[in-house]
1. Name the one entry in Asp79, Asp41 that is surrounded by fewer than 16 Cβ atoms within 10 Å (Cβ to Cβ), among the charged types (D, E, K, R) and within 18 Å of Gly95 (Cα to Cα).
2. Mind listing just one residue for me: the one in the range 44-62 that is surrounded by 15 or more Cβ atoms within 10 Å (Cβ to Cβ) and aliphatic (A, V, I, L, M) and, of those, farthest from Leu97 (Cα to Cα)?
3. Restricting the first residue to the range 78-94 and requiring it to be under 17 Å from Ala35 (Cβ atoms), which pairs with a second residue that is exposed (fewer than 15 other Cβ atoms within 10 Å of the Cβ) and modelled with pLDDT of 95 or more meet a Cβ separation below 7 Å and a spacing of at least six or different chains?
Amino acid sequence: MAHLVTYLVTSLETCELPQPKVEIYTKWGCPYCVAAKALFDNKGVSYEEYDITMGGPKRAEMMERAPTARTVPQIFIDDVAYGGFDDVSALDRAGKLDPLLNV
C-alpha cells in the first residue's frame, strides 16, 4: 500500500496540466506590452502576440473581443478577456494568475 501511495504522489507531482491559450494584443513601443510579455516569459508561459500598431484586422478583432478596450496590451487567457497589464499584474499579486495558467 505504501508503494501505491508513493507512486500516486510522485505521479501527481510530475503531472503537467495543459497550458491555456494566451493571446496578447500589443503595439510597438508600448512599455506595458513589454511588461506583460515579460510577466508571461518569466512564468515560462507561451503566448501569441498580435501587433496592432498599424491597426488592421487584428485591431478590429481585438475590439470585437473586448468592446470596451481602448488601450494595449489586451490579454486573453483561453478566450477570456482579462484586461491589460495592470489587471493581470493585480491577479498575479493576489495569487490568482498561476492557477489560470496551470503553473
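1. Matching residue, one of Asp79, Asp41: Asp41.
2. Among those that are surrounded by 15 or more Cβ atoms within 10 Å (Cβ to Cβ) and aliphatic (A, V, I, L, M), it is Ile52.
3. From residues that are under 17 Å from Ala35 (Cβ atoms), the pairs are Gly84/Thr71.
The values are calculated or read from the model by the stated rules, or taken from the named source; none is laboratory data. Treat the numbers as computed from the prediction; the structure is a model and nothing was measured. When we count neighbours, we look across all protein chains shown, and the Cβ atoms used for this are built from the backbone with ideal geometry, even at glycine.
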